[in-house]
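Each value in this text was obtained by applying a stated rule to the coordinates, not by laboratory testing. Quick caveat: nothing in here was measured; it's all calculated off a predicted structure. Heads up, the Cβs are rebuilt from the backbone with ideal geometry, glycines too, and the neighbour counts pull from every protein chain shown.
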Amino acid sequence: MLYRETGVYQTSYGKDQAVFRLPLDRYAIAGWLIVAFAIVPAFASSYVLTDLLTPFLIMSIAALGLNVLTGYCGQLSLGSGAFMALGGFMTYKLVTAFPTAGALLGVVAGIDVALPDPALGTFRPFDLWFLAILIMAGAITAAVGLVFGLPSLKIKGLYLAVTTLAAQFFLIWLFIKVPWFTNYSPAGIAPAPPRTLLGFQVTGAASPVVCRYLFVLSLTVLVALAVKNVSRCHTGRSWMAIRDMDIAAEMIGVHPTAAKLSAFAFSSFLIGIAGALWAFVKINSVQTDAYGILVSFQVLFMVIIGGLGSVLGSFLGAAFVTFSPILLNIGLNALNPYLLAFGLGRIEVAMIKHIEFMVFGALIIFFLIVEPNGLARLWQIAKQKLRTWPFPY
Amino acid sequence: MQKNKRGAAWLRAAIVGAALSSAALPAQAQSDDTQFFPLLVYRTGPYAANGAPFADGMLDYLKLINANGGVNGVMLSWNECETEYKTDVGVECYERLKSNGAVAAVSPLSTGITYALIEKTTADQNVLFSMGYGRTSAADGTVFPWVFNFPATYWSQATSIMEYVAEQEGGFDQLAGKKIGLIHLDHPYGREPIPTLQKLAEAYGFELLLYPVPTGSMTDQKSIWLDIRRVKPDWMLMWGWGAMNPTAIKEASLIRYPMDHFIGNWWSAAEPDLLGSGVPAEGYIGATFHDVGDAAPVFEQIREKVYDAGNGTAPESEIGQVLYNRGVVNAAYVVEAMNTAMQKYGNKVLTGEEIRWGFENLDITPERIEELGMTGLLPVTKVTCSNHEGLEPAVKLQRWDGQKWTIFTDWIPAMTDVVRPLVEADAEQYAKENGITPRDCTN
Amino acid sequence: MGIVETYLIGPFAEMAAYPAGVLETVIAGIGNGFLYGLVAIGFVIIFKSSGVFNYAQGAVVFFAALNFAGLLTLGLPWYLAGLLTLLLLVALAFAVERTVLRLLVGQSALTLFMATIGVSFFIEGLVEAAWGGNPHLLKIGLPESALFTIDHAWGEAAGLDIIVQESDLLAIAVGLVLVLALYAFFHRSRIGQALRAVADDHMASMSVGIPLNRMWVIVWSLSGLTAFVAATVWGTKIQIEPTMIGLALKALPVLILGGLTSIPGALVGGCIIGVSELLFETYWGQPLFGGATTEWFAYVLALVFLLFRPQGLFGEPIIERV
């Protein structure tokens, strides 16, 4: 009753094929976007923006990337961490190799729009160089991902996971061993230099929190739209055909090599961009330490707990994996004053960490048992409820 | 249908759970009349054996100051956050804690986290105090006004250790043709001394052999030590941390490497490293910048006012251990910087800028050390606007006799003439990449 | 020419110049390999009978080692501590079967794999909460020093001196005994045969009255037993701390080489990986590539191997039906 699909009539094929066919869906999405773009930055604290929402959005991009590969195309990967690292290092190399190109472009375009409040800075509509760099870094990651995707033509399932582990460990080792990646920094860490986009500083520690958040949010929305659309077109359908039954897919004319490799490339492209953002927006330096095997596992968790082959699921999964450890940690810390008040002693930081591990592990198992198809399935269930409410029978 | 009902119930539970957690989210505010210490510690994981005693020492000293009525009447407060020695977790911890009060100084005890926090603390105007670790070139105060790494950097330490080696070999001219191995954690921390050692190798003609130990398999060093057995380096230096140290010491003892030619830096020479190895390792040498043991009067105070009051952090036997003492030194430096700043700005809760001034004008004289009851513990230190490493970086060496450490050298001064140009060159490159104009320190 | 000389001829020349070095590297490699193999056997036992790719095996080894060491620090004699640890492992097996496996029957291999990662997190937090996050030592008097063929001090010239670590010999001996014992168990005992039946066909074995749930508890307990053995041998060599869990990841390439379903294959695969990665690191990695190649070598080797023989050396051929 509340969620109605009946009574909506499309009058053209274009309308019928729209991403959001129902007006209700469109309103809901528009509402969410207003909340995310306007209301959240206005009310959320700087901690919530930088350390909860920004990492969540970045990890959502990574999860969307892996979902393309694992969810839509059925190829398992445990190398996401390394591809994120590759994106980060490539972005660093590109921004330091062409430090002034962005400014030059801005001058050539010669348009500065002063904003009503000078504190907001100047709007430069042609200052797009950083975006171009991100795309280039993504493209390089895609090329490398393609190479590491080659074994998928012969190997399947969990076996493929072991070969992607080779990518994970080999690439991380390479970034440590080849000083060129960090511009010969003595410690092998590349600091993320401050860069602007559209005139606003979006990377580096001095960048305003809101700028960073909005930057990442806009990219996430673009990526989500892209994944949604690609999954609905010819390429996406060929991925799903391969996933569901590769031999049958070949019979009906899907080219398995093209399908698998394009999935690897597109997925690595997105994961590379996520890695670049992780370094430039979140931890403020490019270091291999932040892209270990654990990150690969985390991204895979997001995809599986969120829901394979679902854009919404990628977001839900990313939210679960990024928020739950931090919230658990904060929550257990917040318990301490009450425990002390009742004379029960306090939970030490080490114990909090152990409990956090246990609960996180238990939650993973819990969600896998309750909803093996992922959190996205919960939304479908809710939709069904809303459809039939208030007369479910 | 049954399935659907269950799903909806979970959905409801999840929403309620999320609502509850977000209610707990606003960090409990510390009162405004204390100086706040965001303590980035690690007490779990493969580095816990080293991280925990350091954190204990820091905490106990802060507790002692509060038991004594604070720093000139200003009380201290703190909150711990577990980083597991991981960079991204450390950054999150810093962001979480920084808004809890007027920050005194941030000491993450991790070179990786330090690198990630340099720009953040600078933007937030908080002092980043990486005592004897972190980015070496941050010793250049003109480019890194908010970062301090006295009493000595890794590069200074490496030159001091090499001076000892040269002395044992009969002078730097005798080093030509010698083989010197560096076994190091393959992590920003472990890689930090390499450029300086390479520079020295070039200058004095010895061969530098690098043995990186990956962080993921620190306890698997077999191939390294078999290689050392074949190549037979004359000296081995170690830049290790966590579970890597005891493993290296055990493997060295298995191949019978002469322990008196095996020198650990000051993060590779603490009690857990040796006791954890399970071998006697008599003669193993480690660098340090403060005494071991609990002879200094301050420890008596800690026992009396903190432990006897039932307020101690660690098992009491930890007092006097290398890393515990170093934690005390770290806290004492920050408190002294606050004290220095208060002489100019008055006895009140200080802002970041004021504390920074205190750090920059820190001048710890032997008399002051005596006054603090930290003779032998706190090194004589003088910091200036341009030099954040301290004016006379130096290192002492200590030897393990199977049970405990004994210091056996006097201060070995670092070769600042070699290190300083390297520091300035690296700082300049950083300034260029990040569009920073070095500030003027001449007046 | 230069490249060929550096990368293809040089290392072999070095091997030929000092054959004792090759020999001791190989022995050390076999020692490492048996340890990987001991962990991998635990994987195989579980995979064979339930099709679960059990990532938690590394954590189970950690669980066994830390409990054993922890109980010893309480002052228990080693046999009692060992027995208690074994009981804890059985309890763990029971708990995993009840709370995870039974509820995930029929799910995809991927879901089960992810669930075992969750189990791994849980176990890590649990044992550390019980015994503290500090590294522990496991001292029960097992041999752990080094043997020299020619006894000499450091720096003295010696001809064909070879170093052998006693812990390596221990790993080899224990590994061989364990494989023989498991072989006997699976082929001679009633339960073992029932387990093999389960491995062959779940449905058929259920229909002849084999209780599937109980079998799974037995399987997990058995793999717990191998984890206990691995933990004891491992714990005498190194400190017990969470890095162990990551090292156990190397059991995956070992399995690829040995085959997912073969217990002796796990040991052979372990040896191949252990020896080849040490030889590569010593003669190529350390001198030519800046070291630390053991981080990835095993996985790359497994990748190359997979391209040519996906079922492993001893595994059953993979047949896919449409």
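Where Rh is the Kirkwood radius over the Cα pairs of the stretch B:250-317, the temperature 25 °C and the viscosity 0.890 mPa s, what D in µm²/s does Stokes-Einstein return?
172
Given the rule -39500 (n - 2.57) for each run of at least 4 DSSP H residues, summed and divided by the residues of chain A, what is its mean residue ellipticity at 222 nm, to the nearest 500 deg cm²/dmol?
-20500 deg cm²/dmol
Taking 22 Å as the cut-off for C-alpha to C-alpha distance, list the pairs among A:353/B:86; A:93/B:432; C:48/C:250; B:305/B:396; B:305/B:404 that go past it.
B:305/B:396; B:305/B:404
Give me C:36, B:154, B:333 ranked fewest to most by other Cβ atoms within 10 Å of their Cβ, as a rough exposure proxy.
In order of increasing Cβ crowding within 10 Å: B:333, B:154, C:36.
Can you pull the percent of Cα pairs in the stretch B:213-331 with separation above 26 Å?
So the portion of pairs separated by more than 26 Å is 30 percent.
Residue A:20 to residue A:122: extension gain in nm, 0.36 nm per residue of separation minus the Cα-Cα distance?
33.2 nm
Which is farthest toward the positive dipole end of the protein assembly as shown among B:302, B:270, A:60, measuring Cα position about the Cα centre, with Cβ charges +1 (Lys, Arg) and -1 (Asp, Glu)?
A:60
Dividing the convex hull volume of the Cα atoms of the stretch C:1-133 by its residue count, what figure in Å³ per residue is obtained?
With only Cα atoms used, the stretch C:1-133 gives 188 Å³ per residue.
Can you sort A:8, B:322, B:103, C:300 by how many other beta carbons sit within 10 Å, fewest first?
Placing the least packed residue first, the sequence is A:8, C:300, B:103, B:322.
Averaged across orientations, what area in nm² does the convex hull of the alpha carbons in the protein assembly as shown project?
Over all viewing directions, the protein assembly as shown projects a mean Cα-hull area of 49.0 nm².
Among A:355, A:326, A:347, which one shows the highest mean-square fluctuation when chain A is modelled as a Gaussian network with alpha-carbon springs under 10 Å?
Between A:355, A:326, A:347, it is A:347 that shows the largest mean-square fluctuation.
Starting from the Cα of residue A:156, draw a straight line to each of the aspartates and glutamates and keep only those under 19 Å, dropping any in the same chain fewer than 8 residues away.
Within the straight-line cut-off, residue A:156 pairs with A:244, A:246, A:250, C:316, C:320.
Select from A:324, A:89, B:231 the residue farthest towards the positive end of the dipole of the protein assembly as shown; place +1 on Cβ of Lys and Arg, -1 on Cβ of Asp and Glu, and compute about the Cα centre.
In the protein assembly as shown, that residue is A:324.
Based on the alpha carbons, how large is the Rg to Rh ratio for chain B when Rh follows Kirkwood?
1.00
From the P(r) of the stretch A:162-310, can you give the percent of Cα pairs sitting at distances over 21 Å?
Roughly 58 percent, rounded to a whole number.
Using Cβ-Cβ distances only, list the Cys residues of the protein assembly as shown with no partner cysteine under 4.7 Å, sorted by number.
A:73, A:211, A:233, C:271
When the Karplus curve 6.51 cos²θ - 1.76 cosθ + 1.60 is applied with θ = phi - 60°, which whole-Hz ³J(HN,Hα) does each residue of the stretch B:212-221 get, with x for Gly and Pro?
Each residue of the stretch B:212-221 in turn: x, 10, x, 5, x, 9, 5, 8, 10, 10 Hz.
If I model a spin label at residue C:140 and residue A:136 as a point 7 Å from the Cα along the Cα→Cβ vector, what separation in nanometres do I get?
Simple spin-label model gives 6.0 nm for this pair.
If amide hydrogens are placed 1.01 Å from N in the peptide plane, which non-local residues have theirs closer than 5 Å to the one on residue B:210?
B:182
Can you put A:281, B:106, C:268 in order, fewest other beta carbons within 10 Å first?
Arranged by neighbour count, lowest to highest, A:281, B:106, C:268 become C:268, A:281, B:106.
Can you run phi through the Karplus equation (6.51, -1.76, 1.60; θ = phi - 60°) for the stretch A:122-139 and list ³J(HN,Hα) in whole Hz, with x for Gly and Pro?
10, 9, 10, x, 9, 7, 10, 4, 5, 4, 4, 5, 4, 5, 5, 4, x, 5
Residue B:407 to residue C:80: FRET efficiency via 1/(1 + (r/R0)^6), r the Cβ-Cβ distance, R0 41 Å, to the nearest 0.05?
Efficiency at R0 = 41 Å is approximately 0.40.
What residues have an amide H closer than 5 Å to that of residue B:140, excluding those fewer than 5 places away on the same chain, when H is modeled at 1.01 Å from N in the peptide plane?
Hits under the 5 Å cutoff: B:388.
Run the reach check for residue B:232 against lysines, Cα to Cα strictly under 21 Å, same-chain hits fewer than 8 apart removed. What comes back?
B:178, B:179, B:222, B:250
Set Lys and Arg Cβ to +1 and Asp and Glu Cβ to -1, take the dipole of the stretch A:267-393 about its Cα centre, and tell me which of A:376, A:339, A:298 lies farthest positive.
A:376
Given the rule -39500 (n - 2.57) for each run of at least 4 DSSP H residues, summed and divided by the residues of chain B, what is its mean residue ellipticity at 222 nm, to the nearest 500 deg cm²/dmol?
Mean residue ellipticity, 222 nm, calculated: -13500 deg cm²/dmol.
Normalised by the residues of chain A, what does the relative contact order come to in percent, with Cα pairs under 8 Å and at least six apart?
Normalised by residue count, the contact order of chain A is 29 percent.
If one computes P(r) from the Cα atoms of chain C, what percent of pairs lie at distances over 32 Å?
32
Can you compute the charge dipole magnitude of chain A about its Cα centre, using +1 on each Lys and Arg Cβ and -1 on each Asp and Glu Cβ, nothing else charged? Give it in debye, rounded to the nearest 20.
My answer is approximately 520 debye.
Take residue A:232 and residue A:156, extend 7 Å from each Cα along the Cα→Cβ direction, and tell me the distance between the two endpoints in nm.
It is 3.0 nm.
Check which residues have an amide H placed less than 5 Å from residue B:263's amide H, if you skip close sequence neighbours.
B:236, B:237, B:238
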